[in-house]
Structure formats: structure tokens, C-alpha cells
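Worksheet: the structure to be examined is printed underneath.
The values are calculated or read from the model by the stated rules, or taken from the named source; none is laboratory data. Since the structure is predicted, the reported quantities are computational estimates derived from the model, not experimental observations. Every residue, glycine as well, gets a Cβ built from its backbone with ideal geometry; the counts of neighbours run over all protein chains shown.
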Amino acid sequence: MRILDQLGSPLIRRALLEAVLVGSLCGAVGVHVLLRRLPFFTLALSHATFPGVVLAGILGVSVYLGGAVAALGLVLAVAIIGSTRRLEASTATGVALAGAFAIGVLLQSAQSSATRNLARFLVGDILTVNADDLAMTALFGLVVVAALAVFHKELVFSAFDVVGARAAGYSSSRLEVLVLALVALTVVTSIRAVGTILSVALLVTPALAARQWTSSIGRMMVLGAAFGAAAGVAGIAASAQWDVAGGSAIALAATGLLAVTVAIQQARTLRKACISRSVGGRDR
Amino acid sequence: MFRLLVEPFRDAYMQRALVEILVLSALAGVVSVYVLLRRLAFVGDALTHTIFPGIAIAFVAGHSLFLGALFAGLASAVLLTAATRIRGIDHDAALGVLVGAFFSLGVVIVSTQSSYTADLTALLFGLIHTVATTEIIETTAIAVGVLVVLRLTHKELVLRAFDPVAAEAMGYRTLLLDLVVNGLVALVVVAGVRAVGTVLVIALLVVPGAIARLVSERIAPMIVVAVGAAGLCGYLGLAASYEASLNHNVRLGSGATVVVALTFAFVLTAAFSTLVRRRHRAALGPALPA
């Protein structure tokens, strides 16, 4: 394991810390993404933050600010296009996604000699994370987790029973916007670590793995966070071992975790089915 | 006006780019209507990402990118169709996982090469100005194949889109029909992704259909409008990108300019159709109470 020899380097330690922070944040938020069937929206968000990030690079302001503003723009665009009623949500999301991403590429191509940065924003560059980025990640993560904790009951209620939540006096549209904003904030936070495209992997995969183990939402979020953090550490280790891109290694590690989980669960169900069949046979 | 619209296409490379865009528009315009009917925007976007490792492997191994994309495209169409049928796992979640896994696999493979960021950029965004005649022929062959299959299965596909239960009851295999549609979408992505890049392909698969849906509710006119809109925006986008790059010293990526033109056309159509319907409603008088 080369990662153990490299632990002395602050570069690797910062990367590990960032991977754990981003992984656990995405794992927890991902449970809500699954509950509300938002994976496509998340993918669109991750593409749409791209023009904001490029623009921020051109103007010389923080990439987080640019990404957040662009994400907000996408939420608005999807809402407006979706309200025309003749187009359903996935088409509206697709149109907004394509337009936003193209604007990003256009901005980028109008600039000179910036192709290196382009790929860096798309797939992340976790080994260059500095102390400021870490502080930013911790701060954003804290805000998102706090919001999820405070509104936990309302969010779960409205996700499972929109009509019931509305009848009980909760504004379901306001809660929906809250979730979208939290997902957007999470995507923006993970740009440095895994890039814009791969944040969807971290937001969906660990949460889906957690869902195979428990049906309690709270426990699912804790488990999702643990899976996300584990994928982060494993990804950084694999990246150091074989010298491959860090963000992608993290996403692949998460996929591996999910594959193992699904295999174990399948084996369990098969065994249960076999046992119940043999018990049933004896009864007869 | 003449200078802006005709002059850019004097050079052979611009003519090739235009032909490629027009063939692709005709193909993607038709398929985009089916994508809209079946709500496959996410599947289309997923396919643009899942094809990536095939291209990456072909790139690293020095094989034809086209074959790599073709193989990965068909394989991922099968995988996506299977993934949306797993019980207990939501379609969207399964697609999200596949996108993440396949795309990162591609990035990992490309990242083993030393010049990886520049290569990655080229793979992601395509270079339409370097389109060769053989690539145009490949695109045309795919287009003809896809359109023939669509013509043959049109009725079944529309039935499956509007009433899956009836389709199943009538003895059609919906799994097979889904496989056909996803395979066709994959072929469009394969045809487009190498020449014009991921960004443009997903736009061509979604936006023309959306524009057409705003204009009409019937399938045949929708197909005509979608193809027309895609072709027109492809043409204008190329001309605009040429003009900006040559005479105004602003380098606009041609693929991205086409997508922005398409998005602009969508916004115009949406505004116009809202206006027309509002006037229509006003002419009819106040709506009856429900």
C-alpha cells in the first residue's frame, strides 16, 4: 500500500480529509436524492454548475460562488420550463441541462489556452485541495447537515406523502425547493474533489448501497455517509497505488461498495428462500 | 446577409462540417421525438457518458474510436435496459449509478496516459472541423439504418409509449421494444459523439423534440418540425461560429454554438406558443368552472 508511505505528505492528508468530508456529506444528502427521485436532476445540476465555474474562473471570483449562482439559475429554468405544462419534467431538465452546459463550453472556448482547467473542473483534482477548500467544504457540509437535521421530519413526510403533508399544513413546494437547494449546495461543494460530472456518482451510489441494508431514513443517512467516506478513502488509496485520477477512483470505489452490497443481499434472499422452501416442505 | 450565410461554407472543411451536422440533425431530430414520447432524456444523457470508456479504451489501445464507441454504445444500451428492470431499485437511481461508474472508468483509463487532460477535452467536445469524408459516410450509414428500423417498428413503439399495459396484453414484448429504442438512441450518440462531442449530442437528442412538442401534438408534424429545427440551428450555429472566430476574433466552439442556437430557438418557440395560447384563450372568453 503506497498510501501508507505517503501519509506524511500534507498533500495526501488534505486529499484524504477532503474525500472523507465530501464522501460523507454526499452519502447523507443522497438519501434524499433517492427519496425524491432526483438523480437526473442532480446530473443536470452537476452539468449546469459548469458555466458558473468557468465564468468565475474568467472573472477571478470564487468557483463556489459561480457554481452556486449557476445552480440556482438551473433550478429556476427547470421550474419555468416545467410550468409550461406541455413538457414534462425530464424533458424540461434535459433542455436546461443541454443549454447550460453549452454556455459553459462556449465561455471556455472563447477563452484562450484554458483546456487544462476545463478537464480539471469536469473530473476534479483532489490532490490540489488547499486549506481554504477544506474549510469551505467543512462549512458548507455543516450548513447542509444542520438543515437536514432540523427539517428531517418534514422532509421525510412530504417525500412519502405530498398530499398528507399539504393537508397537515406544510408547504410541500417550499420543502422541495429546500431539498433542491441543499443538493445544489452539495454538488457545488464537491466540485473540487470529484468534479462536476462525477458528483452524481457520489450522491447516488453510497445512498443506494445504504438503502439495501436498512429502511429507516435516519439510519440510511448515517450508513450512506459511512459508505461515502469509505469510498473516499479507498479511492484516494487506489489513486496513490496505481497513479490514476483521484475523483474517478472514488466514484469507482463507491460502485464497488454497491456491487458487494447487492451481491450480499442477493445471496441472503436466495438463502432465505431456500430455507423457507425446505421448512414448508417439512410442514407438508 | 449573403456574406454571413453563404461565405463560411466555401472551404471544403466547412462544407464537410455542414454535411455532417445536417445528416446528424435529420437523424437526431427524428429520434428526439421518440425520446420525448418515452421520456428518455435521462437515458440519452446516460448513454453519452456510458459510451465514454469504450472510446477511452479504443483511444489507449490505438483502435478505431468508432468501433470502440459502437461496441460500448450497444453494450450500455443492453445494460441500461436491464438496469431499469431491476426490481426494488428505482430506474433513475440505477441510471445514476451506471453513469458514474462508466464515466469514471473512462476517466481512469484516459488518466493513465500522460497527455490526459488535452485528450480528454478532445474526446468530450469533439472537433467538427476535422470531420473526414469517411466519418460522414459512417454517420450516413448509421442514419439510414436507424431510420429504417424506426419506420418498421413505428406503430409498436408509439403503442408502447402511450399504453404499455395494452402493448403487453396484445402480445408485444415491451422489453424488446425498449431494447430497440435504447439501442437506436445509443447509435445516434455513437454517430455524433466523436464528431461533435457529448454536449451537442445530448442537446440534439432532447431539444428538437421539445421544440416540436410546443408546436404540435401529432407525431408526424412533430418529426418534421424537430428535423427542421435541428437542421436550421445546425446551419446557423456553424455560420455564427465561423463569423465570430474569423471576423470578430472571438473563438466560439462550433458544437456549443449550435446548442446555444437550439436553446435560443426553444426559448423563442416557448414564448411564442405561450403568447398564442393566451390570445386564443382570451378570444374564447373566460373558462368554464371545472
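The residues listed here are A:V95, A:V78, A:V61; of these, the one that is outside any helix (DSSP H, G or I), out of contact with any Cys (no Cβ under 8 Å at 6 or more places or on another chain), without any contact (Cβ under 8 Å) to a residue 60 or more places away in the chain and not hydroxyl-bearing (S, T, Y) is A:V61. Restricting the first member to the range B:48-76 and to residues that are surrounded by fewer than 24 Cβ atoms within 10 Å (Cβ to Cβ), and the second to residues that are basic (K, R) and at pLDDT below 85, the beta-carbon pairs closer than 6 Å and six or more apart or on different chains are B:L65/B:R194. Would you call B:V267 surrounded by fewer than 21 Cβ atoms within 10 Å (Cβ to Cβ), in a helix (DSSP H, G or I) and at the interface with chain A (Cβ under 9 Å from one of its Cβ atoms)? So B:V267 fits the description; yes.
Looking across A:G52, A:G104, one residue alone is more than 9 Å from every other protein chain (Cβ to nearest Cβ) and more than 26 Å from B:V215 (Cβ to Cβ). It is A:G52.
Is it the case that the range B:171-184 has a residue that's of a type in the set (D, E, K, R), more than 13 Å from chain A (Cβ to nearest Cβ), over 26 Å from A:A100 (Cα atoms) and part of a helix (DSSP H, G or I)? Yes, the conditions are met somewhere in the range B:171-184. Looking at (1) within 9 Å of chain A (Cβ to nearest Cβ); (2) outside any helix (DSSP H, G or I), find the lone condition where B:N249 falls short. Tallying (1) within 9 Å of chain A (Cβ to nearest Cβ); (2) outside any helix (DSSP H, G or I), B:N249 fails exactly one: (1).
For A:T49, the test of being of a type in the set (S, T, Y), at pLDDT 80 or above and over 25 Å from A:L148 (Cα atoms) is failed. Put simply, of A:I12, A:I58, A:I80 the only residue that is at pLDDT below 85 and under 19 Å from A:A230 (Cβ atoms) is A:I12.
Evaluated against (1) out of contact with any Gly (no Cβ under 6 Å at 6 or more places or on another chain); (2) away from every other protein chain (no Cβ under 14 Å), B:V215 falls short on exactly one condition, (2).
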